[in-house]
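What follows is one structure encoded as structure tokens, with my remarks underneath.
The values are calculated or read from the model by the stated rules, or taken from the named source; none is laboratory data. Worth saying up front: this structure is predicted, and the values here are computed from it rather than measured. Counting neighbours? That spans all protein chains shown, and the Cβs are built from the backbone with ideal geometry, glycine included. Surface accessibility is based on the protein's heavy atoms, side chains included, excluding ligands, DNA and RNA. Shrake-Rupley method; radii C 1.70, N 1.55, O 1.52, S 1.80 Å.
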Amino acid sequence: MTSYVDVRIGDIEQTTDFSDVRDLYAMWFAANGGEIPDIRHFAIALASPMAERMMVMRAAGETLIYEKVGRNVVAVFGHDPTGRVLEQIGNLGARSFRATYFQVLRSGRPGLALHSKVGATAVGITERLILPVRSDDTTCLVCYVRPREDATNVLRSVFNVSADAITVLSANRDGKGAILDFSVVAANAESARRVHREPDALIGSQMLEVWPFAGTSGMMDRFVRAVNSQLPDVFDASYMQDGKVVERQLRLAPHGEGLTVTDIDIGPTLAATRAIEKQHNELLHANELLEARAVDLMASYASLERTTNELREEITRNRALEAELVHLAHHDGLTGLPNRSFFERRFEEKLKQMKRAKRRAALCIIDLDHFKDINDSLGHDAGDMVLREVSSRLRGTIRKSDVIGRLGGDEFAVVLTNAQDTQDAAAAVKRMMEAVARPFAVKQQDVPISLSAGVAIFPADGRTSGELMADADIAVYRSKRAGRGRTVFFAPSMRDDAERRYKLLKALRLALDASEIVPFYQPLLDIRTGKLIGYEALARWLHPERGTLMPATFAETFDEPDIAQALTKTMIQSVISDLADWSKLGMPTRVSMNVTAFDLRQPSFAEDLDARLRLQGLTSSQLTIEVTETTLLSRDAERIASTLNDLRRLGFSLALDDFGTGYASLSHLRSLPVDSLKIDRSFITDLEHDPKTRAIVRSIIELADALDLEIVAEGVETRSQLDAVVALGCQIIQGYLIAEPMPAQAVPEFCRSFSQSQRLAQGSAG
């Protein structure tokens, strides 16, 4: 077995074959704020199925300790190395990576190690992404291991079942560069059989030790010449083996310092030829034996013909195998489409053609909408069926001159060579989207398929493949943000918007790490009693340069799952801490706060939240969870509804926020476990002047009363608005008329200074 490790630092995204490796690599850079990121940024990945391919090693002095090893990695080791020191693992694979690990630790930057293995039982490449991270004050490595399955099985099968002896050699040179001998790095079963050994026993042997006649028969000189010239060679040789002369044809295929030797037994063929020659000579000297000799000659010719046909068939098979291997190297094994590297090469060629012809072209990047949901609900085999069907439908809509490829995961790309303007490109993309959207069933279930597409035009949007790929990526991202299932053409302003959004995401992540996101609290007043009944926690960004920022300034980042969940986590921690502080002051109160669909999709969200409250001596009755209509009707509605029922079971109150602005039907309202409705502030603003708005608010209040739900009016800012909502029978109000949102430390003083009689007087005076 031979093993090589090639480490890449700067071109990881171009080198890897896998989208999940690129995702982890991008996650590292997204979390990198000028220093090695904290391992907590990878908590989601380490808790996902990806963890089966991961291991975490912690630096300890001059070595590393295996701290966490995924199940797939344990299978590679053959045992669980968790808790053991790096040097205690003695297998060849572990030793091959030691220098790489310390190289990544010293550089503080990610590395991608390509581990190539060649042997009698293994041929292939494994990718290992190595990410330096921090855990408290200790440096760690997060390693993600993915094997490339490309041609391994085909090569191993052909290599071992061939009737010819195939041996792979590696040149051994002296200090002056002269080849002294060759080492055996791989041998198939036929090669080992001829020297009466097992294939694995040959690995590492010296050629002149196994085949000593090579040095005296001139074969060694031919081997050396082939490696030095890098030219293939074919020649016949005869030599003594096992006490008899054997006749072979040797085919030499050099590859760098390696040499593949195919040893074909041509003895029977040559013997047949000699027999024919002998019979021909005898025929000339003895006519009386002509008939008998003719029969023998015909038999010999038949044998020769069979041998020739067999050789011809072997050559045909080898050529077909070579073509198959070339195809596998350039095409995606699942869909049969060109893979990313081959697509990019063909894209470059097409651009050169377009430049010479001074013609336009369009690059379209296509992403399947909600593909992860298909994998999660129906399984990865169903996801593979969908990808194959989508690729087939896409291929059926393009011209022969167009170029299509699978970039990875659920992402495809098409170069439209006949798109002379945006109208042509739009028409072509429309054909693709309509073809893909046709009904499709997997496992007897209808699977809705839609595409988000981003298009960049050559040469208007970019003159190189890299520029056009980047522009189309920006456009497809804009398509997803706009609601998916649509086509977006790149515009220069998008590049500025992408840069601005990237900076905002980076700044917000840093702000979350720096505890700059805090809750401000706005009181809720019960009009019937004149008492404060609680507060709503509203997120504020305490920006070091721009001051206190409202959520509207950074709300566009909430569609990023990691941002949304990190924000919710920060708010929950702060709110629970503030509730605990107020309870110590003898000021028990209730706080309501918003959560997102990303939070409610987590199976243990309700139990975790209840446990955090109890840890601080609080109860679930002190926290109200607010959700919007949009959240309730988002993807995975059944999972969200289950979480809401869990929250209700544990004693949490639930409020439907911004009621009237979404799409929830009355049937949804009847089935949802909510306790209160919050009338959106847009209705309260128009309440005094618009009779239709007043009628809507009256209907909402009557509906809430009929369903025995509390009703809260948001955004009450004037006395006339207060009088209007009181007249309509609203029970609870919230807005600037009572107080602006305030930091946690101001809440106790506000409670003490709040005058119940004044508030009641204001209400009755209206």
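Odds and ends about this structure:
- Candidates ILE527, ILE563, ILE572 - the one that is over 30 Å from the mean Cα position of the chain (by Cα) and of a type outside the set (Asp, Glu): ILE527
- Among the residues making up the range 698-749, those that are assigned to a helix (DSSP H, G or I), farther than 25 Å from ASP581 by Cβ, among the acidic types (Asp, Glu) and open to solvent by 70 Å² or more (accessible area, probe 1.4 Å) are GLU702, ASP705.
- Matching entry among ARG306, ARG251, ARG317 (being outside any helix (DSSP H, G or I) and either over 25 Å from SER170 (Cβ atoms) or open to solvent by 40 Å² or more (accessible area, probe 1.4 Å) (or both)): ARG251
- Selection of the range 526-580 for residues being aromatic (Phe, Trp, Tyr) and not in a helix (DSSP H, G or I) yields TYR535, TRP541, PHE554.
- Failed condition for ALA75, given (1) of a type outside the set (Lys, Arg); (2) modelled with pLDDT under 85; (3) open to solvent by 50 Å² or more (accessible area, probe 1.4 Å); (4) part of a loop (DSSP other than H, G, I, E, B): (4)
- Within the range 581-605, considering residues that are under 21 Å from PHE558 (Cβ atoms) and hydrophobic (A, V, I, L, M, F, W, C), the one most open to solvent (accessible area, probe 1.4 Å): PHE598
- Matching option when the condition is of a type outside the set (D, E, K, R), more than 20 Å from VAL386 (Cβ to Cβ) and open to solvent by 20 Å² or more (accessible area, probe 1.4 Å), among THR422, THR397, THR417: THR422
- When the range 557-580 is filtered for residues that are exposed (fewer than 15 other Cβ atoms within 10 Å of the Cβ) and of a type outside the set (S, T, N, Q), the ones remaining, listed by number, are ASP559, PRO561, LYS569.
- Residues in the range 643-681 that are over 22 Å from PHE605 (Cα atoms), loosely packed, with under 15 Cβ neighbours inside 10 Å and among the polar types (S, T, N, Q) were compared, and the one that is modelled with the highest pLDDT is SER667.
- Flag for ALA272 being in contact (Cβ under 8 Å) with a residue 12 or more places away in the chain, open to solvent by less than 30 Å² (accessible area, probe 1.4 Å) and part of a strand (DSSP E or B): no
- The residue pairs whose first member lies in the range 362-375 and is of a type in the set (D, E, K, R), whose second member is in a strand (DSSP E or B), and whose beta carbons are closer than 6 Å, counting only pairs six or more residues apart or on different chains, are ASP367/GLU411; ASP367/SER452; ASP369/SER452.
- Residue list for the range 189-231, restricted to those being within 17 Å of ARG248 (Cα to Cα) and not in a helix (DSSP H, G or I): VAL195, TRP211, THR216, SER217, GLY218
- Near pairs, Cβ below 7 angstrom, 6+ apart or cross-chain, from the range 60-75 (hydroxyl-bearing (Ser, Thr, Tyr)) to any residue that is surrounded by fewer than 16 Cβ atoms within 10 Å (Cβ to Cβ) and in a strand (DSSP E or B): THR63/VAL85
- Residues in the range 447-468 that are assigned to a strand (DSSP E or B) and open to solvent by less than 10 Å² (accessible area, probe 1.4 Å): LEU451, SER452, ALA453, GLY454, VAL455, ALA456, PHE458.
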